[in-house]
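Have a look at the structure below, then the notes.
The values are calculated or read from the model by the stated rules, or taken from the named source; none is laboratory data. Given the structure is predicted, the values throughout are model-derived calculations rather than measurements. Cβ sites come from the backbone with ideal geometry, for glycine too, and all protein chains shown count toward neighbours.
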Amino acid sequence: MSKIAIIGTTSWGKTLGMVLANKGQQVILWARTDREAAELRNGRSNSVLPFGITFPPQLSITSSLSEALDGAQALILAVPSQTMRQNIRLAKGYLNRSVLVVSAAKGLELGSNRRMSEVIAEEILPDFCSNICVLSGPNLSREIIRDLPAATVVAAEDEAVAQKAQRLLSTAKFCVYTNTDVIGVELGGVLKNIVALGAGMVDGLGFGDNTKAALITRGLIEVAALGVALGANPLTFTGLAGLGDAVATCASPLSRNHYVGVELAKGRSLEEITASMTGIAEGVNTTIAARNLARQQGLGMPVTEKIYQVLFEDADPRQVVAEITSAEASHELAGQNWEFFSFSHRRK
């Protein structure tokens, strides 16, 4: 039986803890304070758990970092992206060459625009970096916690490391695929949140499925364009961590990012919406970082740009959605410096 430490009492952190504990793994969830640990044990902070579901006995909760991490074969970081650096700094002293380090966060660090795996790699010893994995896919916590079937992807630069994480994380109803395209898998899970904000706006405005399909598709094309520019395999964005995650996040009322988009379309301010939420909609900060990355690469990302205007420049969602879907059309893959545009001219 493996010991798995989870940092992050987020809904995803608790859900992963439940999945792995029900598999028979020894799981320890680290809470930052004695009070939080006690509340979790007593069920007072378990809003993620549906009625009648409780933590299994194989999942324990502690406020002692050493108790959580000593002897762990894997560390899962299911934390908000803006706290990833401080959390890995706390944990790095407990790592060794055999400990898997799994990022389950879907965001970019503001300021540096770094992916979470890059943040982790900057903080831990170079000898341990080959053990960094990223977990991403269409994984809505409230469905997985109810034991509904789901699939995901774990990526590591070394296939053997990805397979090790796959064996650790897979269950009968949680199917884990492997990939070595860390950049693509990570960016797919991150950038689709921007598209989900736009999809939520479409639904909030009542514009219909045709409009939403157009926005999602145009958004995913520019997500892939940025990914390719940063070194990803474009095919990764057609898989679970790209298209798959986008389908779930853009369509489900369980998605926080979709919810924010819907509420923005109703005329509520971003500050009011986020203040009323118990979790974090990663797409908000991701829009800032992705816009910065696109500009650094000299890429045009019109969907991201328009959503940024709604979030931070008080643009009208109705006008922005109309502009996205009525923009001057050219070749479908023709964007500013999009590297894969050349594919459409091959073999003519």
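Worth pointing out:
- Matching residues in region 125-164 - criterion: being closer than 30 Å to Pro253 by Cα, part of a helix (DSSP H, G or I) and not β-branched (Val, Ile, Thr): Ser141, Arg142, Glu143
- Members of region 189-217 found to be among the charged types (D, E, K, R) and buried (at least 24 other Cβ atoms within 10 Å of the Cβ), listed by number: Lys192
- Meets criteria (assigned by TED's automatic domain parsing to the domain that holds Ile7 and over 30 Å from Thr287 (Cβ atoms)) for Leu90: no
- For first residues located in region 255-270 and small (Gly, Ala, Ser), partners that are crowded, with 22+ Cβ neighbours inside 10 Å and in a helix (DSSP H, G or I) and lie 6+ apart or on another chain with Cβ distances below 6 Å form the pairs Ser255/Ala196; Ser255/Thr249; Gly261/Leu197; Gly261/Gly200; Gly261/Met201; Ala265/Met201; Ala265/Gly204; Ala265/Pro317.
- If you check Thr304, Thr287 for being under 18 Å from Glu263 (Cβ atoms), at pLDDT 90 or above and not small (Gly, Ala, Ser), only one passes: Thr287.
- Pairing each residue of region 187-210 that is part of a loop (DSSP other than H, G, I, E, B) with any residue that is crowded, with 24+ Cβ neighbours inside 10 Å and of a type in the set (Val, Ile, Thr), provided the two are 6+ apart or on different chains, yields C-beta distances under 7 Å for Phe207/Val321.
- Residue identified as surrounded by fewer than 21 Cβ atoms within 10 Å (Cβ to Cβ), at negative phi and of a type outside the set (Ser, Thr, Tyr) among Leu16, Leu59, Leu65: Leu65
- Residue-level analysis places Thr236 outside the set of residues that are at pLDDT 95 or above, surrounded by fewer than 24 Cβ atoms within 10 Å (Cβ to Cβ) and among the hydroxyl-bearing types (Ser, Thr, Tyr).
- Residue within region 182-190 that is in the same structural domain as Thr286 (by TED's automatic domain parsing), modelled with pLDDT of 95 or more, farther than 18 Å from Ile76 by Cα and over 16 Å from the mean Cα position of the chain (by Cα) present: no
Conditions tested, residue by residue: (1) more than 17 Å from the chain's Cα centre (by Cα); (2) outside any loop (DSSP other than H, G, I, E, B).
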{"residue": "Arg218", "(1), (2)": "yes, yes"}
{"residue": "Val228", "(1), (2)": "yes, yes"}
{"residue": "Ala246", "(1), (2)": "no, yes"}
{"residue": "Thr274", "(1), (2)": "yes, yes"}
{"residue": "Gly279", "(1), (2)": "no, no"}
